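Asker: Take this structure first; my questions come after.
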Amino acid sequence: MPMMNAKQYEDSLRKLKLKVYMFGKRVENVVDDPIIRPSMNAVAATYEFAHMPEYEDLMTATSHITGKKINRFTHIHQSVDDLVKKSKMGRLLGSLTGCCFQRCVGMDAMNALSMTTFDIDREYGTEYNKRFLKFMEYVQENDLTCDGAMTDPKGDRSKAPHQQADPDMFMRVVEERPDGIVVRGAKCHQTGAVNSHEIIIMPTISMREEDRDYAISFALPADAEGIIYIMGRQSCDTRKLEKGTIDRGNQIYGGHEALVVFDDVFVPWERVFMYKEWDFAGQLVEQFASYHRQSYACKAGVGDVLIGATQCIAEYNGAHKASHVKDKIIEMNHLNETLFCGSIACAAEGHREPSGTYYVNTLLANVCKQNVTRFPYEIARLAQDIAGGLMVTLPSEDDLRSPEVGKWLDKYYRGSTDVSTETRMRMLRLIENITMGTAAVGYLTESMHGAGSPQAQRIMISRQVNMDVKKKVAKKLCGIEGA
Amino acid sequence: MKKIRSIGLKYCGGCNPRYDRAEAVRRIREELGGTVRFAPPDDPDVDSILAIMGCETACADLNAFSGKKIWIITSRKEADNWVAERKKAL
């Protein structure tokens with residue numbers, strides 16, 4: 001089955017025996033849980049759109065392993081065009097779902113590992129790349145969703161992994177066996193974790209020799225024995241349990257994050273892609289992070305939805321002809337397209353690595369993500385400015401439906417006379433959803449911290465710009481001798 | 001009786017389209033109904049391709065269709081013009 005559709009994907013998830021906890025209780029039916037379900041719908045969309053002629057040019061690719069048509073989320077980039085199409089796919093999906101669709105992180109992990117495993121083999125004569133390509137073929141042939149898991153709890157940030165008071169603050173090997181290894185630790189903030197078939201583990205920071213037990217990378221089925229998922233809360237999440245649907249904002253899609261605990265989990269050798277090669281941990285982190293910083297083209301897609309919603313509410317409020325409203329919407333578009341520029345630029349300036357995988361321009365990928373840590377907040381601020389305070393003082397859908405007070409809401413919360421109060425409420429709830437509700441996790445805070453917090457990009461930018469050349473030209477142009 | 005021409009329909013991925021591509025195709029189908037049959041682009045019976053691109057970048061990969069007649073549409077206006085040309089050619 002080289003490419004699943006949405007139904008096949010959903011059916012495949014039902015076969016997993018995940019151990020998921022939420023609100024202190026085990027979730028027995030993960031796929032149908034009303035809080036988790038919208039996030040499953042968003043991943044399912046990545047399968048469905050791959051079968052639609054109007055999207056397939058971005059959503060599919062040709063496998064370099066088998067030559068078959070595959071979902072782009074399981075592809076190893078083979079050209080600059082592949083990198084550009086990845087950026088475009090992210091924007092497309094964000095613009096169709098209005099949320100995080102979760103599947104990019106696994107794609108980025110796989111592409112980073114395709115390079116790092118190759119480079120470790122060249123240095124040490126190991127066989128990680130062969131193992132990894134076998135895993136990739138399995139992923140492609142079964143069209144799997146993979147969680148790329150990097151972020152460890154990290155404990156005391158001033159201490160290296162081996163110096164932590166609790167040695168489990170970074171994922172580590174606790175036992176080596178003839179047939180594999182046993183690992184212990186946790187990965188935080190795992191986007192789409194319970195919608196994934198496989199989980200790919202990577203180290204979270206550069207390491208020294210003393211940290212070698214922590215320099216590990218591997219992949220496991222998401223329901224492997226000993227893996228436990230604890231769902232993260234999102235602002236307004238329990239609105240999904242209410243009878244009405246208006247107050248959810250986004251009626252169809254959503255995202256999720258989870259803490260994933262590895263309670264002494266066995267990993268067979270054929271699934272181990274890095275084992276104590278501490279000197280390659282930093283490279284893997286940097287390569288994954290750079291790809292993932294490119295992936296934030298998706299926020300331009302979510303921005304498309306928010307801008308559309310803002311234009312609508314301006315019209316519903318009768319304010320759309322005001323010059324300052326028009327100007328603010330222009331500013332939102334300007335910021336949004338600037339986000340897209342960064343992702344396209346780092347892809348268009350990509351290059352071929354020795355493994356054959358194409359890799360983004362890392363300076364531009366960091367610039368892209370640095371913009372993403374800021375611009376969605378400004379776009380959200382402008383959306384809230386135009387939407388008005390009603391977005392946060394609006395009574396509930398139950399009040400609108402109430403035989404006692406519904407008529408008052410309908411009367412006093414009508415804006416433009418040709419738009420119903422319910423229509424206006426729906427649009428306000430969507431803006432609320434993206435700027436401060438469940439989708440704000442993806443649109444705002446994930447934009448801030450996902451793929452590395454702002455300072456991580458600033459460090460990379462400072463390392464990668466060629467300051468000597470800039471200084472030399474400046475000196476030459478102002479006549480300083482010896483430049 | 002005139003033979004109905006089969007044309008392969010190929011879209012770009014639609015990341016940031018400047019017009020509604022699906023709506024443009026719907027209008028084309030409506031205008032040319034009964035004179036053209038649109039098929040998947042890899043259909044062996046098609047000898048020509050109508051490529052619906054969301055913007056002038058026109059990034060869809062058309063390499064697989066070399067040797068075939070390819071029309072590229074990048075705007076609603078171009079879609080209308082193409083329909084007018086097809087009607088004239090009938």
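Asker: State all residues of the range A:272-301 that are among the basic types (K, R) and crowded, with 23+ Cβ neighbours inside 10 Å; if no residue qualifies, say none. Step through it out loud before you land on a result.
Answerer: Within the range A:272-301, the first condition is being among the basic types (K, R), and the residues that meet it are A:276, A:293, A:299.
Result: A:R293, A:K299.
Asker: Could you check, for the range A:28-50, whether at least one of its residues is hydroxyl-bearing (S, T, Y), on the phi < 0 side of the Ramachandran plot and touching a His at 6+ places or on another chain (Cβ under 7 Å)?
Answerer: Yes, the conditions are met somewhere in the range A:28-50.
Asker: Still on this structure, I have one more. Taking the range A:167-180 as the region of interest, how many residues are within 29 Å of the chain's Cα centre (by Cα) and either over 18 Å from A:M202 (Cα atoms) or of a type outside the set (D, E) (or both)? Walk me through how you get there before you give the answer.
Answerer: Step one: of the range A:167-180, the residues within 29 Å of the chain's Cα centre (by Cα) are A:167-173.
Right, trim to either over 18 Å from A:M202 (Cα atoms) or of a type outside the set (D, E) (or both) and you get A:167, A:169-173.
Final tally of qualifying residues: 6.
Asker: For A:L58, only one of the following conditions fails: (1) under 20 Å from the mean Cα position of the chain (by Cα); (2) over 29 Å from A:E10 (Cα atoms); (3) within 14 Å of another protein chain (Cβ to nearest Cβ). What is its number?
Answerer: (2)
Asker: When residues of the range A:142-162 are filtered for being in contact with a Pro (Cβ under 8 Å, 6 or more places away or on another chain) and free of Cβ contacts under 8 Å to residues at least 12 places away in the same chain, how many remain?
Answerer: The total comes to 0.
Asker: May I ask you to say which residue of A:R233, A:R239, A:R157 is in a loop (DSSP other than H, G, I, E, B) and within 30 Å of A:N433 (Cβ to Cβ)? Spell out how you get there, then give the answer.
Answerer: On the way: A:R239 fails: in a loop (DSSP other than H, G, I, E, B); A:R157 fails: within 30 Å of A:N433 (Cβ to Cβ).
None of the others qualify; the one that does is A:R233.
Asker: Report yes if A:R424 is charged (D, E, K, R), touching a Gly at 6+ places or on another chain (Cβ under 8 Å) and touching a residue at least 12 places away in the same chain (Cβ under 8 Å), otherwise no.
Answerer: Numbers: charged (D, E, K, R): yes; touching a Gly at 6+ places or on another chain (Cβ under 8 Å): yes; touching a residue at least 12 places away in the same chain (Cβ under 8 Å): yes.
Yes; evaluated as a whole, the condition is true for this residue.
Asker: Considering each residue of the range A:304-329, count those that are in contact with a helix residue (DSSP H, G or I) (Cβ under 9 Å, 6 or more places away or on another chain) and touching a residue at least 60 places away in the same chain (Cβ under 8 Å), and give that number.
Answerer: Count: 13.
Asker: Considering (1) within 25 Å of A:V80 (Cβ to Cβ); (2) in contact (Cβ under 8 Å) with a residue 40 or more places away in the chain; (3) out of contact with any strand residue (DSSP E or B) (no Cβ under 7 Å at 6 or more places or on another chain), say which one B:N63 fails and leave the rest.
Answerer: Only one criterion is unmet by B:N63, namely (2).
Asker: Right, A:I65: more than 29 Å from A:P376 (Cβ to Cβ) and over 15 Å from the mean Cα position of the chain (by Cα) or not? Lay out the reasoning, then the answer.
Answerer: On the way: more than 29 Å from A:P376 (Cβ to Cβ): yes; over 15 Å from the mean Cα position of the chain (by Cα): yes.
For A:I65, the condition - more than 29 Å from A:P376 (Cβ to Cβ) and over 15 Å from the mean Cα position of the chain (by Cα) - is met.
Asker: I would also like to ask the following. Residue under question is A:D399, and the condition is that it be without any contact (Cβ under 8 Å) to a residue 24 or more places away in the chain and assigned to a helix (DSSP H, G or I); does it hold? Don't jump to the end; show me each part of the working.
Answerer: Numbers: without any contact (Cβ under 8 Å) to a residue 24 or more places away in the chain: yes; assigned to a helix (DSSP H, G or I): yes.
Yes: the conditions hold for A:D399.
This table checks each residue for (1) on the phi > 0 side of the Ramachandran plot; (2) surrounded by fewer than 22 Cβ atoms within 10 Å (Cβ to Cβ).
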residue	(1), (2)
A:L133	no, yes
A:T151	no, yes
A:D166	no, yes
A:M171	no, no
A:G192	yes, no
A:P203	no, no
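Asker: If you don't mind, there's one more thing I want to ask. Of everything in the range A:220-244, what is farther than 28 Å from A:T445 by Cβ and at pLDDT 95 or above? Give them in sequence order. It would help to see each step written out before you state the result.
Answerer: The initial filter retains those residues of the range A:220-244 that are farther than 28 Å from A:T445 by Cβ, namely A:221, A:223-226, A:243.
Within the range A:220-244, A:P221, A:D223, A:A224, A:E225, A:G226 meet the criteria.
Asker: Name the residue that is surrounded by the most Cβ atoms within 10 Å (Cβ to Cβ), counting only residues in the range A:14-68 that are touching a helix residue (DSSP H, G or I) at 6+ places or on another chain (Cβ under 9 Å) and of a type in the set (S, T, Y).
Answerer: Checked the range A:14-68; the qualifying residue surrounded by the most Cβ atoms within 10 Å (Cβ to Cβ) is A:S39.
Asker: A further question follows. I need the full set of residues from the range A:431-483 which are within 30 Å of A:N317 (Cα to Cα) and among the hydrophobic types (A, V, I, L, M, F, W, C), in order please.
Answerer: Pass one, the range A:431-483, residues within 30 Å of A:N317 (Cα to Cα): A:431-445, A:447.
Listed by number, the residues that qualify are A:I431, A:I434, A:M436, A:A439, A:A440, A:V441, A:L444.
Asker: Taking the stated definitions as given, is A:I70 away from every other protein chain (no Cβ under 14 Å), touching a Pro at 6+ places or on another chain (Cβ under 7 Å), of a type outside the set (S, T, Y) and on the phi < 0 side of the Ramachandran plot?
Answerer: On the way: away from every other protein chain (no Cβ under 14 Å): yes; touching a Pro at 6+ places or on another chain (Cβ under 7 Å): yes; of a type outside the set (S, T, Y): yes; on the phi < 0 side of the Ramachandran plot: yes.
It is true that A:I70 is away from every other protein chain (no Cβ under 14 Å), touching a Pro at 6+ places or on another chain (Cβ under 7 Å), of a type outside the set (S, T, Y) and on the phi < 0 side of the Ramachandran plot.
Asker: Out of curiosity, is A:A309 out of contact with any Phe, Trp or Tyr (no Cβ under 8 Å at 6 or more places or on another chain), aliphatic (A, V, I, L, M), away from chain B (no Cβ under 14 Å) and in a loop (DSSP other than H, G, I, E, B)? I'd like the intermediate steps shown before the answer.
Answerer: Details: out of contact with any Phe, Trp or Tyr (no Cβ under 8 Å at 6 or more places or on another chain): yes; aliphatic (A, V, I, L, M): yes; away from chain B (no Cβ under 14 Å): yes; in a loop (DSSP other than H, G, I, E, B): no.
Here the answer is no, as A:A309 does not meet what is asked.
Asker: From the list A:H320, A:H334, which one is modelled with pLDDT of 95 or more, surrounded by fewer than 23 Cβ atoms within 10 Å (Cβ to Cβ) and under 25 Å from the mean Cα position of the chain (by Cα)? Even if it seems obvious, please write down each step before you answer.
Answerer: Numbers: A:H320 fails: under 25 Å from the mean Cα position of the chain (by Cα).
Only one candidate qualifies: A:H334.
Asker: Taking the residues in the range A:94-103 that are of a type in the set (S, T, N, Q) and part of a helix (DSSP H, G or I) as candidates, determine which candidate is farthest from A:A380 (Cα to Cα).
Answerer: So the first thing to find is which residues in the range A:94-103 are of a type in the set (S, T, N, Q), and the list is A:95, A:97, A:102.
From what is left, the residues that are part of a helix (DSSP H, G or I) are A:95, A:97.
Values: A:S95: 15, A:T97: 17 Å.
The qualifying residue farthest from A:A380 (Cα to Cα) is A:T97.
Asker: Only one of A:S79, A:S87 is surrounded by fewer than 21 Cβ atoms within 10 Å (Cβ to Cβ) and either farther than 24 Å from A:S447 by Cβ or within 14 Å of another protein chain (Cβ to nearest Cβ) (or both). Can you tell me which?
Answerer: Values: A:S87 fails: surrounded by fewer than 21 Cβ atoms within 10 Å (Cβ to Cβ).
Within the list A:S79, A:S87, the selection yields A:S79.
Asker: Oh, and also: Of all residues in the range B:1-23, how many are touching a strand residue (DSSP E or B) at 6+ places or on another chain (Cβ under 8 Å) and either over 27 Å from A:D82 (Cβ atoms) or of a type in the set (K, R) (or both)?
Answerer: We begin by selecting, within the range B:1-23, every residue touching a strand residue (DSSP E or B) at 6+ places or on another chain (Cβ under 8 Å); these are B:4-12, B:21.
Applying the additional criterion that residues be either over 27 Å from A:D82 (Cβ atoms) or of a type in the set (K, R) (or both) yields B:4-7, B:10, B:21.
The number of residues fulfilling the criteria is 6.
The rows are residues; the columns are (1) of a type in the set (K, R); (2) outside any helix (DSSP H, G or I); (3) modelled with pLDDT of 95 or more; (4) under 18 Å from the mean Cα position of the chain (by Cα).
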| residue | (1), (2), (3), (4) |
| --- | --- |
| A:D385 | no, no, yes, no |
| A:P395 | no, yes, yes, no |
| A:P403 | no, yes, yes, no |
| A:T423 | no, no, yes, no |
| A:N433 | no, no, yes, yes |
| A:T438 | no, yes, yes, yes |
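The values are calculated or read from the model by the stated rules, or taken from the named source; none is laboratory data. What you see is a predicted model, and the numbers here were worked out from it, not measured in a lab. All Cβ positions, even for glycine, are placed from backbone atoms using ideal geometry, and neighbour counts span all protein chains on display.
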